[in-house]
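The values are calculated or read from the model by the stated rules, or taken from the named source; none is laboratory data. None of the values given here were measured: they were computed from a predicted structure. Don't worry about glycine lacking a Cβ; one is built from the backbone with ideal geometry, like all the others, and counts go over all protein chains shown. Keep in mind that these areas ignore ligands, DNA and RNA; they rest on the heavy atoms of the full protein, side chains included. Shrake-Rupley method; radii C 1.70, N 1.55, O 1.52, S 1.80 Å.
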Amino acid sequence: MNEKNFEYLSDQLKYTGFGEALQIELKEKIKQQEPCFTLYHETYHEDRVARATLTFNKAKDADMYFFNSYRVELQKENITDALEHTFYIGKGSNITMKESYNLMMGRAVHKELASKEGVPYNAWLVMDFKQGDENGNFKLKQYHQNYGYDLLETLTKYPIKELQNETFKLDLIRSLRRGNLQEVTFLKEDKQIKLFIDANPQFKTI
């Protein structure tokens, strides 16, 4: 077995949000030397289950496997059929399992991407559930950095307590950029009100 290939794939799984639970099964699959194989992963968020099928393919002329993509199936509330979308693994900034869940829940995720020429740029991604393609995927709309959505500037328009602490502020921005639904404290007169917020780049608000 190619140990370096196993270590590389293990790291790839970890950094794409699948943790270390699949390592034993990954090693067994590599040892079998089949042309391709799949692994399965389940995670729970907000009382919903997201199931992922991870696809690996063997190189034609080398003792190496590649983690090509993972397909997520998510059962959303009040929707009979489960949503499905395939996320592809490339050399750039891959979408993590948690980010894929957030996108499929209709929230925005901030990523560093690269153009066809390899030039890096930042953009917010939002899943367009009205537009699909021949592979059964939804279109990912991009709100480019030139679109003019400034998350911090938007947040400062609201009386959010966490913005008063530099550490909490940075944690909040980091969480919202990942597409998370984040609990914050709104200061209203003499009251503190707990609310959940998420980023809304399309309308430049939260």
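Of note:
- For the chain, accessible area per residue (1.4 Å probe, heavy atoms of protein chains only), Å²: 61
- Potential lengthening of the chain between Lys191 and Val119 amounts to 21.2 nm, from the contour at 0.36 nm per residue minus the alpha-carbon distance.
- Debye intensity ratio I(q)/I(0), log10, the chain, q values 0.09, 0.16, 0.17, 0.18 Å⁻¹ (C-alpha model): -0.43, -1.14, -1.23, -1.31
- Against the rule of thumb 2.2 N^0.38 Å, how large the Cα Rg of region 25-127 comes out: 1.24
- Span-rule helices in the chain, defined as complete DSSP H runs reaching 30 Å or more along the axis (Cα) with Kyte mean at least 1.0: none
- Computed across region 115-206, the Kirkwood hydrodynamic radius from all distinct Cα-Cα pairs reaches 15.1 Å.
- Burial ranking of peptide ranges 109-120, 2-13 (average Cβ count within 10 Å, highest at the top): 2-13, 109-120
- Taking Cβ atoms as reference points and 13 Å as the exclusive limit, the residues near Gly136 contribute a net charge of -3, counting Lys and Arg as +1 and Asp and Glu as -1.
- When each of Lys4/Lys139; Lys29/Lys169; Lys76/Lys194 is checked by Cα-Cα distance, pairs over 32 Å: Lys4/Lys139; Lys29/Lys169
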